[in-house]
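Colleague: Sharing a structure here in structure tokens format.
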């Protein structure tokens, strides 16, 4: 797995983590996200277009990044919002997951709280 | 459930890999699966779910089976005529992944990722999963996926 980092300016600064290759471990993606967060990143778009498949370790990494970026979203309000389909993370979004990668995201129900975009520019502009 | 099958006798009809019970070895498994897909002309995106399943079983053996103790994991892949078969063997304490209950879904991001997610993904991505202990006392998990188009290695 390789991770390329691109810093974009939309309505707010957005850090794009472009992942290439299967995601079969969580450590590398978590470490990269943590480094970007420490450097000031507060909005992250994970580009999964070149990820042919993702194991549960990838879900673990997305989970880690979500918790890293969330601000004040917790407890029953968040849980109810997810169940009602009214809550989506404002700070972590996904770009172009496909095939087994998309299936893994849906199997875990991550698509219920992480927005998925097909267009890179629209994804970047969606952060406010 | 697909009948438990034996690996082909001929060495050239299946691919195999032995790794140590170390998470750092998972990159070798990743390369092995990628090479298998290339050698057999399998669309890696179509086989990706099956490869995830193999990764999950192997990761389980490393993390929950050997738990830091030294040991080996043997992975074999072959075509049985109707589908792609993976066999994962390890000598860790006996553990039957088919008995793992499904996790509570959907996952709440406010909590830690629940246990059993990996095995849940295995169930989603394969058509059959079976477990037995071999006569010499190893764990053996068989995974089967039907319908993958390929050019069999023996026919190439």
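Colleague: Taking Cα centroids, how far is segment B:25-59 from segment A:18-62 in Å?
Modeller: Measuring centre to centre over Cα atoms gives 19 Å.
Colleague: Okay, moving on. Once both labels are modelled 7 Å past Cα along the beta-carbon direction, what's the residue A:6-residue B:96 spacing in nm?
Modeller: Those two pseudo-labels are separated by 5.0 nm.
Colleague: Work out the mean other chain Cβ neighbour count within 10 Å for the residues of B:22-31 and drop it here as an integer. Write out the running numbers ahead of the final one.
Modeller: Values: counts 0, 4, 1, 0, 5, 4, 0, 1, 8, 0.
Averaged over the peptide's residues, the number is 2.
Colleague: Which of B:106, B:114, B:70 moves the most in a Gaussian network model of chain B with Cα springs under 10 Å?
Modeller: Among B:106, B:114, B:70, the largest mean-square fluctuation in the Gaussian network model of chain B belongs to B:106.
Colleague: For A:101, A:38, B:59, what ranking results if the residue with the fewest other Cβ atoms within 10 Å of its Cβ goes first?
Modeller: Details: A:101 27, A:38 9, B:59 21.
By the 10 Å Cβ count, ascending, the order reads A:38, B:59, A:101.
Colleague: Over 5 Å intervals from 0, what percent of Cα-Cα pairs in segment A:1-107 sits in each interval?
Modeller: The distribution over segment A:1-107 is 3, 12, 23, 25, 19, 14, 5, 0, given as percents.
Colleague: Largest first, please: the extent of the C-alpha atoms of chain B along each principal axis, to the nearest Å.
Modeller: So the three principal-axis extents are 50, 35, 31 Å.
Colleague: For A:8, B:104, B:56, which order do you get if you count the other beta carbons within 10 Å of each Cβ and list the fewest first? Before the final figure, lay out each step's value.
Modeller: Values: A:8 17, B:104 10, B:56 27.
Ascending number of Cβ neighbours within 10 Å: B:104, A:8, B:56.
Colleague: May I pose another question? Determine the relative contact order of segment B:54-156: mean sequence separation of Cα pairs under 8 Å and six or more apart, normalised by residue count, in whole percent. Each step should come with its number before you reach the end.
Modeller: Numbers: 149 pairs, mean separation 31.0, N = 103.
After rounding, I find 30 percent.
Colleague: Also: Work out, step by step, the length gained on full extension between residue B:74 and residue B:38: first 0.36 nm times the residue separation, then minus their alpha carbon distance; give nm to one decimal.
Modeller: 10.9 nm
Colleague: Rank the residues A:70, B:13 as a footprinting-exposure proxy: fewest other Cβ atoms within 10 Å of their Cβ go first.
Modeller: On the way: A:70 17, B:13 14.
Least crowded to most crowded, the residues run B:13, A:70.
Colleague: For peptide A:46-59, how many partner chain Cβ atoms fall within 10 Å of a residue's Cβ, on average? If you can, show how the numbers build up before the last one.
Modeller: On the way: counts 0, 0, 0, 0, 0, 2, 10, 13, 4, 15, 14, 9, 1, 5.
Rounded to a whole number, the mean comes out at 5.
Colleague: Taking the Cα atoms of the protein assembly as shown alone, what are Rg (to one decimal) and Dmax (as a whole number) in Å?
Modeller: 19.7, 63
Just so you know, all these numbers are worked out from the coordinates, no wet-lab data involved. All values reported here derive from a predicted model rather than from experimental measurement. Backbone-built Cβ (ideal geometry, glycine too); neighbour counts: all protein chains shown.
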